[in-house]
Amino acid sequence: MTTSRLPDVRRAAAYGRISEDDQDRREGVDDQLTRAEAHIERRGWDLMGSFRDDDLSAYSGKPRPGYDALMAEVVAGRVDTIVVRHVDRLWRDDLEAARGRALLRQHRVLVAEYGGMEYPAWTAHGQHMMRTMSGNGTFESDIKSERVREAAERRAEQGRMNGPCPYGWRREYVRTSTGRVVESREVEDPEAAEVVREITRRLLDGDSLLAITKSLNERKVPPPGAAFTFRHKRRAADNPDGSRWNKTSVKKLALRESNAGLRIFHRGEPDEREIEGNWPRLVDREDWRRVVSLLSVDDRDKRVKRPANRQHLLTWGVGECGACGGLLRVAGKGAAGKPKVPYYVCVSTTCGLGRREDYLDRFVGDVVVARLSEPDALAWLTPDGKELADATGRAAEARELLATAGAKLATGEWTVGTVDAVTKATKPKLERAEADIRRLRAGSDRGLLADIAGPEARQRWDAASLGLRRAILDALGLRVVIKRTTKHGPGFDPDSVEIVWPQ
């Protein structure tokens with residue numbers, strides 16, 4: 001189908017990709033590259049290099065280092081021919097395919113299948129055939145995804161687990177006389193279930209993720225990956241036998257809705273809802289919701305890396321400098337030769353703002369206790385359903401616009417530049433909407449705050465650990481802003497502190 005004369009000798013690269021390689025021996029990609037390199041030699045082209053992506057689907061959206069390196073060689077002018085098993089090895093996502101075809105057309109690249117088809121990307125015919133053939137790959141993936149999604153939805157509606165049996169349970173099977181599985185059910189694994197309960201209890205008692213992780217490893221408690229053979233060896237380089245816990249695994253385990261006997265249907269979508277599971281729950285549902293509130297991450301948490309063991313109430317995101325908007329840290333102040341008194345000060349050394357830590361902590365505690373002691377405290381803390389609906393709608397609109405951009409680029413209605421501009425403007429809106437959804441859903445869980453709100457709020461606050469007090473401030477979403485004061489001399493000026501409650 002070539003319509004333009006090609007150079008006698010082309011600078012060719014081989015590319016191979018396979019999305020699943022269960023044996024972890026990469027036979028599929030090895031075979032693709034061997035055949036592609038043989039095709040290059042047979043055609044008399046110069047082999048400039050071979051590029052591979054093992055066990056990475058082009059349709060998954062995950063980074064593909066081999067593909068990215070290949071495109072960099074094309075842009076640099078060192079490769080003008082790409083040899084693959086089939087053109088759908090390069091792309092299956094419409095947006096990525098449109099970008100790729102535009103780049104190959106710009107650099108006059110020939111895409112050759114070692115089975116025989118060739119696509120000169122600089123010609124209309126070549127572009128059309130690449131669109132058609134890669135579109136077939138997209139259709140195939142869409143059909144497969146649809147089947148998988150429908151099966152998952154059926155299982156969800158029936159309250160059944162999906163995928164491998166998770167940590168905390170074991171799966172029992174009912175088989176026919178010939179050994180065929182006709183039914184399965186999950187039953188509690190006593191030892192693993194007790195670990196899940198321990199993690200939940202300790203988090204609610206104020207223990208940090210780091211402390212829990214350290215304790216589990218010191219006692220050599222088998223983690224979820226202990227009996228798992230890693231398919232991706234490179235991912236387990238620092239824990240090859242899966243015998244150690246880390247903070248991430250502890251956190252993920254604590255956040256699982258399955259612990260409370262729930263499934264999340266269509267997570268992150270407008271019709272997301274909880275479905276009652278038909279397996280035994282491991283923890284009380286209200287305790288699980290309190291843990292979710294405790295570990296929820298809002299926008300404030302993303303600004304800085306937070307320490308594992310909290311030593312101060314208002315550092316790392318709650319306290320702010322009223323002069324420059326910076327965060328607060330703790331520094332000792334006092335005359336030489338005398339004990340230093342801890343002060344909250346701005347991370348910037350130029351503002352000069354500071355308040356004694358014990359005075360400010362006491363003031364914040366008094367404000368929180370006073371508000372949570374009022375009869376309408378829990379009603380006030382429950383977010384407006386309209387606000388959550390608005391955030392969900394904004395997220396859906398942003399996702400729809402991004403999907404539309406990909407479709408219009410694929411059909412040629414929009415240019416790559418237009419799509420880039422739309423994507424750049426829309427992604428921040430989607431991120432803000434999703435952050436609002438997380439905040440509102442976390443705030444709608446009253447479990448953590450219900451434990452302190454009411455007439456006994458003072459006693460409960462005083463008895464709470466520092467970690468639990470900070471979790472309460474995070475759940476409330478308040479900010480503590482220290483401002484300049486005209487008052488001089490000893491003592492604490494309440495007017496120099498502003499408590500900012502969420503709107």
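The residues neighbouring Lys483, those whose beta-carbon lies less than 14 Å from its own, together hold a net charge of 0 under the Lys/Arg +1, Asp/Glu -1 convention.
You can think of it this way: the chain between Arg170 and Ser243 has 24.4 nm of extra reach, that is 0.36 nm per residue less the Cα-Cα gap. Placing dummy labels 7 Å off each Cα toward the beta-carbon, the span from Ala152 to Ala76 is 3.8 nm.
Here region 383-437 is assigned +1 on the Cβ of each Lys and Arg and -1 on the Cβ of each Asp and Glu. Its dipole about the Cα centre then comes out at about 180 debye. Within 9 Å, Cβ to Cβ, of Leu209, how many net charges do the neighbouring residues add up to if Lys/Arg are +1 and Asp/Glu are -1? Counting the neighbours of Leu209, the net charge comes to +1.
Phe139 to Lys427: FRET efficiency via 1/(1 + (r/R0)^6), r the Cβ-Cβ distance, R0 30 Å, to the nearest 0.05?
On the way: r = 27 Å, r/R0 = 0.89.
For R0 = 30 Å, the calculated efficiency reads 0.65.
At a Förster radius of 51 Å, what calculated FRET efficiency corresponds to the Cβ-Cβ distance of Thr411 and Tyr359, to the nearest 0.05?
On the way: r = 64 Å, r/R0 = 1.26.
Once the sixth-power term is evaluated, E becomes 0.20.
The magnitude of the dipole of region 35-135, with charges of +1 and -1 set on the Cβ of Lys/Arg and Asp/Glu and taken from the Cα centre, is near 220 debye. Residue by residue, region 274-280 carries 3J(HN,Hα) couplings of 8, 10, 5, x, 9, 10, x Hz when phi is fed to the Karplus relation 6.51 cos²θ - 1.76 cosθ + 1.60 (θ = phi - 60°); x denotes Gly or Pro. Toward the positive end of the charge dipole of region 449-503, with +1 on the Cβ of Lys and Arg and -1 on the Cβ of Asp and Glu, the farthest Cα among Pro502, Pro490, Ser465 is that of Pro490. In terms of other Cβ atoms within 10 Å, Cys321, Cys165 run from fewest to most in the order Cys165, Cys321.
Over all other residues within a Cβ to Cβ distance under 12 Å of Phe363, the charged ones net out to -4, with Lys and Arg as +1 and Asp and Glu as -1.
Residue-wise HN-Hα couplings along region 187-199, as the Karplus relation 6.51 cos²θ - 1.76 cosθ + 1.60 with θ = phi - 60° gives them from phi, are 10, 5, 8, x, 5, 5, 4, 5, 5, 4, 5, 4, 4 Hz; Gly and Pro carry x. Estimated at 0.36 nm per residue, the fully extended path between Leu255 and Glu194 surpasses their Cα-Cα distance by 20.4 nm. The order of Arg356, Arg201, going from fewest to most other C-beta atoms within 10 Å of their C-beta, is Arg201, Arg356. Computed 3J(HN,Hα) for region 244-260, one whole-Hz value per residue from the Karplus formula 6.51 cos²θ - 1.76 cosθ + 1.60 where θ = phi - 60°, is 10, 7, 9, 4, 5, 5, 5, 5, 4, 5, 5, 7, 4, 5, 5, 4, 9, glycine and proline marked x. The order of Arg362, Arg329, Arg219, going from fewest to most other C-beta atoms within 10 Å of their C-beta, is Arg219, Arg362, Arg329.
Taking amide H atoms as placed 1.01 Å from N in the peptide plane, the amide H of Ala464 has no partner under 5 Å among residues 5 or more positions away or on other chains. Under 5 Å between amide hydrogens, built in the peptide plane, is the criterion, and for Gly326 it picks out Cys321 among residues at least 5 positions away or on other chains. What whole number of Å gives the distance from the Cα centroid of region 179-221 to the Cα centroid of region 78-128? Using only Cα atoms to place each centre, the spacing works out to 49 Å.
Each value in this text was obtained by applying a stated rule to the coordinates, not by laboratory testing. The structure presented is a predicted model; accordingly, all values stated were derived computationally and were not measured. Counting neighbours? That spans all protein chains shown, and the Cβs are built from the backbone with ideal geometry, glycine included.
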